[in-house]
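The values are calculated or read from the model by the stated rules, or taken from the named source; none is laboratory data. If you're wondering where the values come from, they're calculated on a predicted model, not measured in any experiment. Here the Cβ positions follow ideal geometry from the backbone for every residue, glycine too, while neighbour counts run over all protein chains shown.
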Amino acid sequence: MADRKALAHLLRRATFGPTAEEVDAAERAGAAATVDALLKPSGADAGAARTPAPRLPEVDERADRAAQIRTVGSWWLDRMVQAEHQLPEKLTFFWHGHWATSADKVRYGTLMLGHQQTLARTALGDFGTMVRAMLRDPALIIWLDGQKNTVKAPNENLARELMELFTLGVGHYTEQDVREGARALTGWVVDQRTGATSLNPKRHDSRPKTILGSTGDFDADSFAALLLGRPECPEFIARRLWLRYCGDNEIPGAALTEAARQTTTGAMLKVLLLADGHAELVKQPVEWLAGALRQLGLRPGDMPEQQRRQLQSGLNQLGQVPLRPPSVGGWPAGAAWLTTSAAQARLKMAQLLAGKAPQPVLDRLGAAPQGTRIDALARLLVVDAFTDRTRAALTPAAGDPRKLLALGLASPEYAIQ
């Protein structure tokens, strides 16, 4: 059988938070078969079926719109926890950080839900399909002022971020390319009543453009094709995936080359997950919370409204709320999540979760002899091992399963994967 520690590491990266039983199954199957099953799971996703997307009525008032956005955010957290096909679910959240689009400006829950659904539908497939879909996505268009981009007054925001943050990276285009790219994207409008986007020919600049050394009558699709054909594009996406899934160290050259050859995001991610050279990663707050809820068997959708709001408030204190990235650059990574205030917020959230822990979870911890209870906690939370320092802090709480659980969730070992 494969090494349990390596498989636990793999599942922590590929999912929001594996259960001990999922690690047991991976140990029997092996790493390659486990990744294949994560990418192409068999059978229907019963957890996803339990969490269908909310139906949102049309609203006009600001308060109603804010309520709808909260509804979508609360539903998405529930979906992250309940989904049995975990890799696509976590990858959808990765793409949300990549195409970082915020409800603070979009302001319509229907558009943010549509944005999330587009990311989910295209998450694992051909990146080109995603790019073309996102250039028609009403939330992204509003977020980056695409609806203001006309032949008479080109707006460069979407063209700039499309090259810099979404497809190529810094240093692979010029300011002239931005200006010409903006012309290619002119004319797209959003009907905020229906959420539909369409191209208004009168607002589109149909004259020839020169972008990245190529001249033609570029529109959104041909501009996207030009970017997708650049060798920098797959390498840029591979590096972004490596940063979020594998570590903030430099991606090994062989892994970069192999990943860039793949034709789908799923295949690219498989290469990276199985590659050598992973470094430590700090869990993002959403990963931390969704994983803890999964491992404790808690479903946000079953909680009273007040407690669901406490979860959202906790994420706000931790600095990461779905649908509200801080900027078009998305959320930070690494040590940015390890501040003193973040540690205090995690402890507060951990105490809330431990207070809600189902009795079978507490019984499982309580059934272990007191001398091995910390090891039982490590198995429950899929922590490889607690350091001597952490064990010393946990030992006085070993007689109280809820307190022990709260301290384990707030420990450094649980925050770093």
If you go through segment 193-213 one residue at a time, how many are part of a loop (DSSP other than H, G, I, E, B) and over 30 Å from L113 (Cα atoms)? 6
Subset of segment 295-311 (residues that are over 23 Å from Q116 (Cβ atoms), aliphatic (A, V, I, L, M) and either free of Cβ contacts under 8 Å to residues at least 24 places away in the same chain or not in a helix (DSSP H, G or I) (or both)): none
Report yes if E250 is of a type outside the set (A, V, I, L, M, F, W, C), free of Cβ contacts under 8 Å to residues at least 60 places away in the same chain and within 29 Å of L338 (Cα to Cα), otherwise no. yes
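Condition check ((1) farther than 26 Å from L87 by Cβ; (2) in contact (Cβ under 8 Å) with a residue 40 or more places away in the chain; (3) small (G, A, S)) across all residues:
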site: T129; (1), (2), (3): no, no, no
site: K148; (1), (2), (3): yes, no, no
site: R160; (1), (2), (3): yes, no, no
site: Y173; (1), (2), (3): yes, no, no
site: L185; (1), (2), (3): yes, yes, no
site: P201; (1), (2), (3): yes, no, no
Does segment 184-201 contain at least one residue that is in contact with a His (Cβ under 6 Å, 6 or more places away or on another chain) and not hydroxyl-bearing (S, T, Y)? yes
Members of segment 395-417 found to be surrounded by 20 or more Cβ atoms within 10 Å (Cβ to Cβ), among the hydrophobic types (A, V, I, L, M, F, W, C) and not in a loop (DSSP other than H, G, I, E, B), listed by number: L404, L405, A406, L407, L409
Among the candidates V190, V151, which residue alone is assigned to a strand (DSSP E or B) and over 28 Å from F236 (Cα atoms)? V190
So, restricting to helices (runs of 4 or more DSSP H) that lie completely within segment 312-387, which ones have at least 1 residues that are surrounded by fewer than 20 Cβ atoms within 10 Å (Cβ to Cβ), at pLDDT below 95 and of a type outside the set (D, E)? 340-356, 359-367
Got a number for residues in segment 400-417 being under 17 Å from T372 (Cβ atoms) and of a type in the set (A, V, I, L, M, F, W, C)? 3
Meets criteria (over 20 Å from the mean Cα position of the chain (by Cα) and of a type in the set (G, A, S)) for A336: no
